[in-house]
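Since the structure comes first, as structure tokens, the remarks are kept for the end.
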Amino acid sequence: MTHTHTLPPRAANAAGIRIEGLSKTFGEVQALNDVSLDLAPDRIYGLVGPNGAGKTTLMACLCNHIFKTAGVIAIDGANPAENAAVLGRTIFIHEDQAYNDAYTIDRILAAMPSFYPTWDAETAQRLIERFQLPIKRRARKLSRGQKSAFAAVLSLAARAPYTLLDEPYLGLDPTARVVLYEEVLRAYSEVPRMILMSTHLIDEAADLMEEVIVLHAGRVVMKADVDEARSSAFVARGLGEDVRRLAGSREIIAEHALGRIISATIRGRATPEDERLAAETRVSLEPASLQDLVAALGIHDLTEALKNGSQS
Amino acid sequence: MDVIGAERPIFVELADRIADDILGGLLEEDTQVPSTNELAAFYRINPATAGKALNRLVDSGVLIKRRGLGMFVAPGAQQSLRQARHAAFADEYVRPLLEEARRLGLTADQVTDLIHHYPQEQK
């Protein structure tokens with residue numbers, strides 16, 4: 001066995017994805033609003049935010065499943081629209097992918113190498129077994145969990161340099177979710193690729209991500225290294241006046257009350273002075289979890305979040 | 001009461017866990033440590049995070065890189081880890097112990113008594 005300790009090598013010819021001023025409207029609804037992002041190849045990104053934030057729309061625009069209203073998308077420097085060579089380097093299985101009525105799992109698997117020259121049948125076989133998928137069943141007839149599992153098989157075995165996973169855990173039981181996360185990491189380790197994974201199970205998936213992107217109402221409100229994001233706020237809990245004194249002029253991005261006790265998510269890092277003051281006033285300090293932070297950004301006044309949190 | 005830093009970055013946690021294994025003798029000096037990919041798969045974490053943990057241990061001299069072979073436990077790593085942990089013992093263990101004792105109204109003498117009389121088999 002070989003042991004490498006450096007990060008996996010960059011995939012050949014992968015330059016990443018550049019998104020500039022991307023907007024998408026559905027009638028009156030602005031699903032994406034001036035989104036700009038630079039996504040490096042060979043990195044695992046988490047895409048989080050409340051329902052309706054634009055996560056799926058962003059992925060669908062990247063893969064040209066739907067057409068953008070405005071802006072620029074460049075995958076490896078090229079426009080993906082009507083560009084089969086570029087689109088062949090991406091994979092995005094939609095949550096309610098419309099499979100042909102007659103197609104069974106094994107028939108779809110057999111067709112995959114013609115779409116993806118990088119297709120790895122061994123990976124597909126292993127995942128089919130681990131998820132215990134019935135290969136003679138028609139894809140349309142699969143349960144919610146089986147559909148997710150099958151989407152994971154297709155997405156990971158394709159070995160596409162740009163792999164988009166849209167809430168890949170839907171309907172999976174906890175055991176199958178562990179299999180999913182293990183296989184995402186295994187696939188990534190074997191053949192490094194960019195993985196953009198949307199999720200609501202933030203704390204469960206946080207350890208997989210290198211960077212997290214938070215979408216809210218069609219805008220990017222944060223893009224940061226996961227560790228940096230975690231340390232960008234902390235939670236203070238105690239009597240209201242004590243907590244407010246401790247927060248001082250710093251911004252409280254979320255607050256919950258339990259009688260006279262409040263729990264406040266404060267932007268910034270806790271300092272030794274905070275710890276001293278907290279000990280004196282019976283205030284407890286805890287790091288914000290990524291889930292706390294995203295929830296706080298979500299209910300926070302959007303313009304404030306844009307002003308303070310946007311790093312992209 | 002939780003102190004800040006009770007939940008530290010994953011790579012710091014992982015580096016400490018590897019250090020624990022070296023201190024405990026599970027990873028002996030001059031033996032190879034698991035690769036980033038092996039650590040990532042085992043702990044189900046991003047390989048870049050695992051890499052940061054290993055680099056942290058290289059920076060502190062606990063691990064050494066051998067070109068083309070991988071990372072190994074440095075000679076003397078166990079001893080130097082033990083010294084570092086000795087130095088941190090007062091801050092990391094004694095301070096929170098005394099803080100909790102103060103909240104409960106226990107004197108330093110009472111705490112010392114508790115330590116002396118704490119059942120031997122549980123020490």
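A few remarks follow.
- Any hit, the stretch A:273-290, residues being within 22 Å of residue A:49 (Cβ to Cβ), modelled with pLDDT under 90 and part of a strand (DSSP E or B): yes
- Listing of strands (runs of 3 or more DSSP E) fully contained in the stretch A:165-271 that carry 2 or more residues being buried (at least 22 other Cβ atoms within 10 Å of the Cβ): A:194-198, A:211-216, A:219-225, A:233-239, A:261-267
- Condition broken by residue A:92, with the remaining ones in (1) open to solvent by 80 Å² or more (accessible area, probe 1.4 Å); (2) closer than 16 Å to residue A:148 by Cα satisfied: (1)
- Among (1) crowded, with 21+ Cβ neighbours inside 10 Å; (2) touching a Leu at 6+ places or on another chain (Cβ under 8 Å), the one test that residue B:35 misses: (2)
- Scanning the stretch A:254-283 for residues that are among the charged types (D, E, K, R), closer than 26 Å to residue A:297 by Cβ and at the interface with chain B (Cβ under 9 Å from one of its Cβ atoms) returns A:269, A:274, A:275.
- Subset of the stretch B:50-63 (residues that are open to solvent by less than 60 Å² (accessible area, probe 1.4 Å) and more than 7 Å from chain A (Cβ to nearest Cβ)): B:50, B:53, B:57, B:58, B:61, B:62, B:63
- Just one of the listed residues (A:265, A:271) is more than 21 Å from residue A:203 (Cβ to Cβ) and among the hydroxyl-bearing types (Ser, Thr, Tyr), namely A:271.
- Residue A:232 being closer than 23 Å to residue A:270 by Cβ and touching a helix residue (DSSP H, G or I) at 6+ places or on another chain (Cβ under 9 Å): yes
- Of the residues making up the stretch A:157-184, those that are over 14 Å from the mean Cα position of the chain (by Cα) and without any contact (Cβ under 8 Å) to a residue 40 or more places away in the chain are A:171, A:172, A:173, A:174, A:175, A:177, A:178, A:180, A:182.
- Filter result for residue A:246 (in contact with a helix residue (DSSP H, G or I) (Cβ under 9 Å, 6 or more places away or on another chain), over 22 Å from residue A:35 (Cβ atoms) and outside the structural domain of residue A:49 (by TED's automatic domain parsing)): yes
- The condition of being away from every other protein chain (no Cβ under 12 Å), of a type outside the set (A, V, I, L, M, F, W, C), assigned to a helix (DSSP H, G or I) and open to solvent by less than 50 Å² (accessible area, probe 1.4 Å) holds for residue B:21.
- Test result for residue B:101, touching a helix residue (DSSP H, G or I) at 6+ places or on another chain (Cβ under 8 Å), more than 21 Å from residue B:22 (Cα to Cα) and either open to solvent by 80 Å² or more (accessible area, probe 1.4 Å) or modelled with pLDDT under 90 (or both): no
- Residue match in the stretch A:218-225 (condition: in contact with a strand residue (DSSP E or B) (Cβ under 9 Å, 6 or more places away or on another chain), farther than 24 Å from residue B:46 by Cβ and in contact (Cβ under 8 Å) with a residue 60 or more places away in the chain): yes
- Residues in the stretch A:39-75 that are farther than 18 Å from residue A:97 by Cα and surrounded by fewer than 18 Cβ atoms within 10 Å (Cβ to Cβ): A:40, A:50, A:51, A:52, A:69, A:70, A:71, A:72, A:74.
The values are calculated or read from the model by the stated rules, or taken from the named source; none is laboratory data. If you're wondering where the values come from, they're calculated on a predicted model, not measured in any experiment. Methodologically, a virtual Cβ is constructed for each residue, glycine included, from the backbone with ideal geometry; neighbour enumeration extends over all protein chains shown. For accessibility, only protein heavy atoms count, side chains too; no ligands or nucleic acids. Shrake-Rupley method; radii C 1.70, N 1.55, O 1.52, S 1.80 Å.
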